[in-house]
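Colleague: Can you keep this structure in mind? I'll have questions shortly.
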């Protein structure tokens, strides 16, 4: 939280009303408790966001839907010659504006791993992805700073922090029965325009809260050796076999991850009309690399776990200015049904590489 | 529409080729009048019917699903209907917890000679589905719902 | 794919209640349909020609015909599209006659439904694949199970046609029920005089191998190539050495054995030859009655046998043979009539079954052809016959008519008069059923010429009085009660499927009805075929019938087997299961459920996989519905094909 | 000797003949253990068997076929082994089962409920068992919860706490928590009526992210890499994010598990979004038990849907 930016305040009591008004201009997504999970849902008028417990999933689906219809197609019959069908494509409608209210710092930072890929930075923008970018440009991120760290959190290992403003339009910090909003972008300013400025006391309390949580985090591990270490272990089958022994290779880690951006494309058609779908894919699944010939270059879960960890901490950084494709949210650890811990794997890799 | 709106409901039948499909033929030959809602899918044996076909139809929008095979002991393949009986009977236990009225699904046995019985089965089952009314589709469809019916594209 | 759709009017059969042109117009818009028309009679020659012409003109690669049931004309149209140069499986039918036009009059609803059935057919056809049958060689040998008159006829016909025949008979002799009969109706000629020579023919025919006192142990394989295991039960007599001299039976000290051949009318010995004309004429020991086996001491037969044929250590033996076709001719058994309390439930010795009576009438029977009351050996004067015992009686689960009892009762009444001229026969009946050549005349003759008194009514009870049996019943024609004091009562007991029929059916993988009778392929058009290719039926095992019908069926079954095995190679139906080995995880569930044992486990680079034995698979698809990962699919009825049909119905 | 120590000796005694023994070891946070692959004595450090031994180690057995593997098993884990053996998915002689009396395992979601506003379960610094209670270190001080309130539901209805088919059993057999599984939970659920339940599943399944953790955590999902939920040939479900498609996968899982599910509950436990997917399987298990008297994983008879009876005394299909 910097001193220069504009600060606004909203009390918790006023929050539902404020968000209901915001929803008139677009969809407001906010964490909601459902069963034992906390998920980002479009907020209905009067609903209060769940700001206490951390969301189980990331909010990436707001910009990158689990499955989206890219376009639909149909063969239109010629009246004179019914046997002749002209293909007709219908683009999916343009997405409307959206706000994610109460995203975590790590969630916002996750999009920073997405952006270079979908902007097609490797191709000089030639392979830019319209579907992603148009949603991204219309989505406002209001980040709510964390008040504490979980056992599985490691945002500070990978360049983030519990109150990091990176990627956010607005940073909200809890203080005095409300939120102090740090306005970080023009869009953020428009969003918070109707709110009163925060008092000095409120800002002071917010700054103190941020400092307290930042101080409470355990010391970050040193990961600078990780990219080279993982690259050097590419052929260490035994290492990956042991690390992946208890992995059950579901997709929970990748689908909950704010930085995993892979997708699959399938057509659903009855032969005449249909849709082209883009849906999340995950590299822990054997189908991810299954080739049409039947050959699979990553037939074992060890190969696939190696790819997931390697991608995040070695291959991606080598392409994108050293940035890890990991925001340290720890969801992959927290929700892993078999307690796989990516931190341990990276540290083991560094240790193993040093020993070799 | 596959069914005449307001008049018909969507009833899918899975019939084994040797007995029940023949029974339905016999009913036709005998000119035994039946409601028109039912559409029959012919399979070699009731043992071929994966219970998931029934579920696919019910979740996919059918208002009722009827399975009919050979009477026990009469299976063309000796044992297929015995397996079908167990599987379909077990399936009935899934419908209510899934939120589907179990009366929307039924299975029975009709032989190739039982045209009248087939008529009775169709009448009874169709009446039962009409009493229940149309099934509400499971909400939460965002994907390929924008399939248009081919018929509309002609005009 | 380029699909052509043909909507048949079937004259007015379909067009009367379906707008065929309208259906054709709608079908034109279905996926991959490039040609759609309506047609007057698709199955007639001009119709088929029109389909063929359209295939050529429009370059069609698949055809949908909407007309009658595929059970009627699918083969017709498959041949037609084949003539047009398309694989016969690139064809689908929509049944818009039996399932639409004939069952409702609402033209709007019918037209709509017909269009939907066409959509379904076209949606499935899009996923059809060309299928081609494979050829395999056949074994030119027939197995005949059962050596009664039907089996004998089948065996002789097949053997005369040049096929090798293996006959298996459960009893120590062939001949079946007919061998036990004294005379046959309506000619009253001697049963053993007409059957005996045929039995001898079986024994002497160079193409026939007879396994008597043997049973079918196991059948595997498939049409053209069945592998059969036969259990030769231990007779304790080496039949290679036995000359049938009968010395052992004369000397056997155990003389209280149950005489199965003679229906227990008199006792017999533990070692026996069932009757003088038995084929094979060999002795065998009934272990249950033999002193050596039960008391550990005797061995008389071994001592007297001039050829040393007795072998007390003999064990059952399994013989394996390969055959191309199988004729089941296992006959019938009499129902256990002792369930009827009103007839004394077996307590009165002078109440006998019709078959026991036959043995009494027979000159070679235990009474030497003299009718004697079992209780005191006296000749009866008043004989009461009761018909429909255990026939047409739903209360004991035998609601069907046994068919032959009316006739043999008439015959027995005639024979009674012949044997005992001063006797009087009474026949209690429900209806007289005599629809056969000379049959009805026969039942008249017994009443008119032989003076048998026919009483239409049921017997309510039999009770002993003095030395006689009082038979009390209703006379529904006269409307009153009748009582007859009888010396002997003969029950015309009905038949039922032979004991063990269901077990045999399961070995043969054929179906059987609720009474245990084997199911024919079609009640009208496939009376001796079964639904298992290569297995045929003859005689009473398919349903009770008399001798002429049994013989006719024996010949018919033989003709079917001869026809089948006249070819050197057979084509297998390509609508069978196939395995995607990549998807198969070797869980064996398909192997477990397959009713035909048509799937085996193979090893593929160390991984277990399922493999379909193509010639054994019958195409039921049970494996397909069982395989959780869909690795095994039934050709022409794959998951995707059925799902396409479901989607065609549910999505629109 | 404590049970832990006895188990360790049993593991060490068996290990020379085995490629590894699967048990439980330290997890990423105090409330969670992780499956532990023990190959030597050094791996035994941190070995645990008890309240945190949540994962079902039988899950890994089919993928390890071909070598002899040991597992430390709770009663429910042993049932999975039994069912895998019955279905010949693994060979009995290739598994060495080390059983111990299980007193139930933790349900972290229930801990979350018990903690209420104190903190999230992910903030708990340590867990200590104290008689019938567990004591949790939280940022707001110690929180004491009754063990029974934070034990998994399946443990409350457990009828087989002791591995019944164990090769070695350590400790004293425990009495089951319940004499029989009454399926009261399913009866209660079903009583809510189809309309309410349809809405229930629409809501629950809308959270599903199709990660298939439920499937991959299931020890009896034999298809592994060839699940029909992701194949085009056959093509049962689309990749759309629709409730019908997502629900249909749950139907596939439940139908494929009918007559096979041992009720270990790993599907539901594994679901990161807390969707109660075990309910569908239990509804079918109840049905199978009522119709055929069959409990999966007990005994060696053929699962009821892979066989039949000509006369079915409990099926009255002709009555309508």
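Values in this text are rule-based calculations from the coordinates and carry no lab data. In this text, all values refer to a predicted model and were calculated from it rather than measured experimentally. In this analysis, Cβ positions are derived from the backbone assuming ideal geometry, glycine residues included, and neighbour counts consider all displayed protein chains.
Colleague: In a Gaussian network model over chain A where Cα atoms closer than 10 Å are linked, find which of A:161, A:274, A:26 has the largest mean-square fluctuation.
Modeller: A:274
Colleague: In addition: What spacing in nm lies between the two simple spin-label points modelled at residue C:322 and residue C:526, each 7 Å away from Cα in the Cβ direction?
Modeller: Label at residue C:322, label at residue C:526, 2.6 nm between them.
Colleague: While we're on this one: Listed highest first by mean packing, meaning other Cβ atoms within 10 Å per residue, what order do D:152-160, C:24-32, C:518-526, A:217-225 come in?
Modeller: The densest-packed peptide leads the list: C:24-32, D:152-160, C:518-526, A:217-225.
Colleague: On a C-alpha basis, how far is the centre of the stretch D:247-281 from the centre of the stretch D:64-119 in Å? Whole number, if you could?
Modeller: So the separation of the two Cα centres works out to 16 Å.
Colleague: Ratio of alpha-carbon Rg to the 2.2 N^0.38 Å globular estimate for chain C, to two decimals, please.
Modeller: Normalised Rg, Cα atoms only: 1.20.
Colleague: Right, something else. When C:38, C:49 are ordered from fewest to most other Cβ atoms inside 10 Å of their Cβ, what list results?
Modeller: C:49, C:38
Colleague: Go ahead and run the numbers for FRET between residue C:613 and residue A:289, Cβ-Cβ distance against an R0 of 25 Å, rounding to 0.05.
Modeller: 0.10
Colleague: Diagonalise the Cα gyration tensor of chain D and give the resulting equivalent ellipsoid semi-axes, square root of 5 times each eigenvalue, largest first, whole Å.
Modeller: 31, 26, 20
Colleague: Each label point is 7 Å from the Cα along the Cα-to-Cβ direction; what then is the distance between the points at residue A:148 and residue A:215, in nm?
Modeller: According to this spin-label approximation, the distance is 1.7 nm.
Colleague: Oh, and also: Over the Cα atoms of the protein assembly as shown, Rg to Rh with Kirkwood Rh, two decimal places?
Modeller: 1.06
Colleague: Any chance you could list the semi-axes, whole Å, largest first, of the equivalent ellipsoid that the Cα gyration tensor gives for the stretch A:293-356, using √(5λ)?
Modeller: The equivalent ellipsoid of the stretch A:293-356 has semi-axes of 20, 17, 15 Å.
Colleague: Quick one: grab the alpha carbon gyration tensor of the stretch D:233-292, order the square roots of its eigenvalues as a ≥ b ≥ c, and give me rounded if a/c is under 1.5, else prolate or oblate depending on whether a/b is larger than b/c.
Modeller: Judged from the Cα gyration tensor, the stretch D:233-292 comes out oblate (a/c at least 1.5, b/c at or above a/b).
Colleague: Turning to a different aspect of this structure: State, as an integer percentage, the relative contact order of the stretch C:315-411 based on alpha-carbon contacts under 8 Å between residues 6 or more apart.
Modeller: 13
Colleague: Additional query: Which ordering of C:594, B:16 is given by a fewest-first count of other beta-carbon atoms within 10 Å?
Modeller: Placing the least packed residue first, the sequence is C:594, B:16.
Colleague: Let me ask something additional. Among the DSSP beta bridges whose two residues both lie in chain D, what percent are antiparallel, rounded to the nearest 5?
Modeller: Bridges in chain D are about 65 percent antiparallel.
Colleague: Stick to Cα atoms and the Kirkwood definition of Rh, then tell me Rg/Rh for the stretch C:550-652.
Modeller: 1.14
Colleague: What is the ratio of the Cα radius of gyration of the stretch B:11-154 to 2.2 N^0.38 Å, with N the residue count, to two decimals?
Modeller: 1.09
Colleague: Then there's this: Using only alpha carbon positions, build the gyration tensor of the stretch D:1-137, then give the equivalent ellipsoid semi-axes as the square roots of 5 times its eigenvalues, largest first, whole angstrom.
Modeller: Working from the Cα gyration tensor, I get semi-axes of 29, 16, 13 Å.
Colleague: For the stretch A:221-356, what is one quarter of the convex hull surface built on the Cα atoms, given in nm²?
Modeller: One quarter of the hull surface, i.e. the mean projection, equals 9.8 nm².
Colleague: With a point put 7 Å past each Cα toward its Cβ, work out how far residue C:247 is from residue C:106 in nm, to one decimal.
Modeller: About 8.9 nm, to one decimal.
Colleague: Using the Cα gyration tensor of the stretch C:333-496, with a ≥ b ≥ c the square roots of its eigenvalues, what is the shape: rounded (a/c below 1.5), prolate (a/b larger than b/c) or oblate (neither)?
Modeller: Rounded.
Colleague: Pulled fully out, how much extra length does the chain show between residue C:463 and residue C:203, if you take 0.36 nm times their separation in residues and subtract their Cα-Cα distance?
Modeller: That pair, residue C:463 and residue C:203, stretches by 88.8 nm at full extension.
Colleague: While we're on this one: Distance from a point 7 Å along Cα→Cβ of residue C:601 to each backbone N in the stretch C:613-639: keep the residues under 15 Å and list them by number.
Modeller: none
Colleague: Here's a follow-up. Please report the spacing between the Cα centers of the stretch C:367-424 and the stretch C:69-117 in Å, no decimals.
Modeller: 56
Colleague: Still on this structure, I have one more. Using Cα centres only, tell me the gap between the stretch A:85-162 and the stretch B:103-117 in whole Å.
Modeller: The two parts, judged by their Cα centres, are 56 Å apart.
Colleague: Per the helix-only calculation at 222 nm, which mean residue ellipticity applies to chain D, given -39500 (n - 2.57) for every DSSP H run of n ≥ 4 and division by its residues, nearest 500 deg cm²/dmol?
Modeller: -8500 deg cm²/dmol
Colleague: Let me ask something else about it. Taking 8 Å as the Cα distance limit and 6 or more residues as the minimum spacing, I'd like the relative contact order of chain C as a percentage.
Modeller: 13
Colleague: Can I ask one more? Can you give the extra length, in nm with one decimal, that the chain gains between residue C:422 and residue C:483 once fully stretched, where that is 0.36 nm per residue apart less the Cα-Cα distance?
Modeller: Full extension from residue C:422 to residue C:483 adds 20.0 nm.
Colleague: Please work out the FRET efficiency for the pair residue A:262 and residue C:348, using the Cβ-Cβ distance as r and a Förster radius of 56 Å; give the result to the nearest 0.05.
Modeller: For R0 = 56 Å, the calculated efficiency reads 0.05.
Colleague: Rounded to the nearest 10 degrees, what's the angle between the helix C:405-419 long axis and the longest principal axis of chain C, both from Cα atoms, 0 to 90?
Modeller: Result, in degrees: 20.
Colleague: May I pose another question? Could you work out the Kirkwood radius for chain A, taking every pair of different alpha carbons, averaging 1/r and inverting it, reported in Å?
Modeller: 22.2
Colleague: Shifting gears a bit: Full extension from residue A:83 to residue A:44: what is 0.36 nm times the residue separation minus their Cα-Cα distance, to one decimal in nm?
Modeller: 9.2 nm
Colleague: Based only on other Cβ atoms within 10 Å, what is the fewest-to-most ordering of C:411, C:545?
Modeller: C:545, C:411
Colleague: Sticking with this one: According to the square roots a ≥ b ≥ c of the eigenvalues of the Cα gyration tensor, what is the shape class of the stretch A:181-277, taking rounded for a/c under 1.5, prolate for a/b larger than b/c otherwise, and oblate for the remainder?
Modeller: Taking the square roots of the gyration eigenvalues as a ≥ b ≥ c, the stretch A:181-277 is oblate.
Colleague: Moving on to the next point. Other chains near C:507-513: what is the mean number of their Cβ atoms within 10 Å of each residue's Cβ?
Modeller: So the per-residue partner count for this stretch is 3.
Colleague: Compute the relative contact order of chain A as a whole-number percentage, counting only Cα pairs closer than 8 Å that sit 6 or more residues apart in sequence.
Modeller: 20
Colleague: Continuing with this model, one more query. Identify which of D:295, D:74, D:147 has the largest mean-square fluctuation in a Gaussian network model of chain D, with springs joining Cα atoms closer than 10 Å.
Modeller: D:147
Colleague: Given a Förster distance of 45 angstrom, what is the FRET efficiency for residue A:344 paired with residue C:129, based on the Cβ-Cβ distance and rounded to 0.05?
Modeller: The value I calculate is 0.35.
Colleague: What number, rounded to the nearest 500 deg cm²/dmol, is the helix-based mean residue ellipticity at 222 nm of chain C, given -39500 (n - 2.57) per DSSP H run of at least four residues and division by all its residues?
Modeller: -8000 deg cm²/dmol
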